[in-house]
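Report on the structure given below.
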Amino acid sequence: MAAPTLTRRDVDGRPDGLVLMLHGGRADGLDEVGHRSASWRRSRWMLDHVGGRLNRAGVGVWLLRYGVRGWNAGTVTPPSPVPDARWALDEVRRALADVPVVLLGHSMGARTAVAVADDPSVTGVVALAPWLPADEPNATLRGKHLAAAHGRADRITSSRQTRGFVARARRVAASTEFVDMGLVGHYMFRHVAAWNQVAVSRSLDLLGVPADRG
């Protein structure tokens, strides 16, 4: 399998926090995530639009590209993107020591974020149009923060399931929030500025960092 890689937008000096972006994928698939992957490019496009705002607030932004495209539950254990995300968190510690991290995930990336939220560096998860099945475990969120945003016109993942997951997570998480994005779909093509605003504002909130200092 291909190795995961990182695209980094660092700040000068030591950051006050770091946002680790986790892109989407598909339920199954062992093909490599290349530069032409729509899921990766979607998150790269978001990085290009929100990275400056986060950097001005003193926060670094890294985007993980998984080795393979699929979640692949039942084929590999743990699911394919989970070891890649844990590797990325180890890389954050290697480079930045104990800097606090928020995981910003879209679709399968949000499911991956929840799976690794028990990492000691992670303060919380910002989940955009997440793929969170009805039986998804939430114990990894114990003592962490969760903000989830979903559109009611999503036909790829379920806004209703996300609401249910957030409600269940209240029993273990330090805080939870559900943001109704209105009648928009899965790929964040509509109301782009609103999606970007959620990504920036909730990431900074969960890191405890004031917005735009620069």
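Name the shape class, rounded, prolate or oblate, that the alpha-carbon gyration tensor gives for the chain, where a ≥ b ≥ c are the square roots of its eigenvalues, rounded holds for a/c under 1.5, and otherwise prolate holds if a/b is larger than b/c and oblate otherwise. Spell out each step's value before the answer.
On the way: a/c = 1.25, a/b = 1.10, b/c = 1.14.
Rounded shape, in that the Cα axes give a/c under 1.5.
For S158, which sequence-distant residues (separation of 5 or more, or a different chain) have an amide H within less than 5 Å of its own amide H, given hydrogens modelled in the peptide plane?
Sorted by chain and number, the residues that satisfy this are L132.
Full-extension gain between L6 and L30, please, as 0.36 nm times their residue separation minus the C-alpha to C-alpha distance.
Separation in residues times 0.36 nm, less the Cα-Cα distance, equals 6.7 nm.
In nm, to one decimal, how far is the modelled label at R190 from the one at E91, with both set 7 Å along Cα→Cβ?
The answer from the label model is 3.5 nm.
So for the pair A38, D118, with labels modelled 7 Å out along Cα→Cβ, what separation do we get in nm?
That separation, rounded to one decimal, is 3.4 nm.
Please label the shape of the range 170-214 as rounded, prolate or oblate, based on the square roots a ≥ b ≥ c of the eigenvalues of the alpha-carbon gyration tensor (a/c under 1.5 means rounded; beyond that, a/b larger than b/c means prolate, else oblate).
Details: a/c = 3.45, a/b = 1.18, b/c = 2.93.
Oblate.
Averaged per residue, what accessible area in Å² does the range 140-205 show with a 1.4 Å probe, protein chains only?
Working: 3250 Å² over 66 residues.
Value returned for the range 140-205: 49 Å² of accessible area per residue.
Classify the range 131-214 as rounded, prolate or oblate, taking a ≥ b ≥ c as the square roots of the eigenvalues of its Cα gyration tensor: rounded when a/c is under 1.5, otherwise prolate if a/b is larger than b/c and oblate if not. Present the calculation step by step, with values, prior to reporting the outcome.
Working: a/c = 2.71, a/b = 1.04, b/c = 2.61.
Oblate, because a/c is 1.5 or more while a/b does not exceed b/c.
Between A139 and L183, what is the label-point separation in nm under the 7 Å Cα-to-beta-carbon projection?
With each label point 7 Å from Cα toward Cβ, the separation is 4.3 nm.
The values are calculated or read from the model by the stated rules, or taken from the named source; none is laboratory data. Everything numeric in this text was worked out from a predicted model, so none of it was measured. We place every Cβ from the backbone using ideal geometry, glycine too, and count neighbours over all the protein chains shown. The protein model used for the area step is the full one, side chains on, heavy atoms only, and it has no ligands, DNA or RNA in it. Shrake-Rupley method; radii C 1.70, N 1.55, O 1.52, S 1.80 Å.
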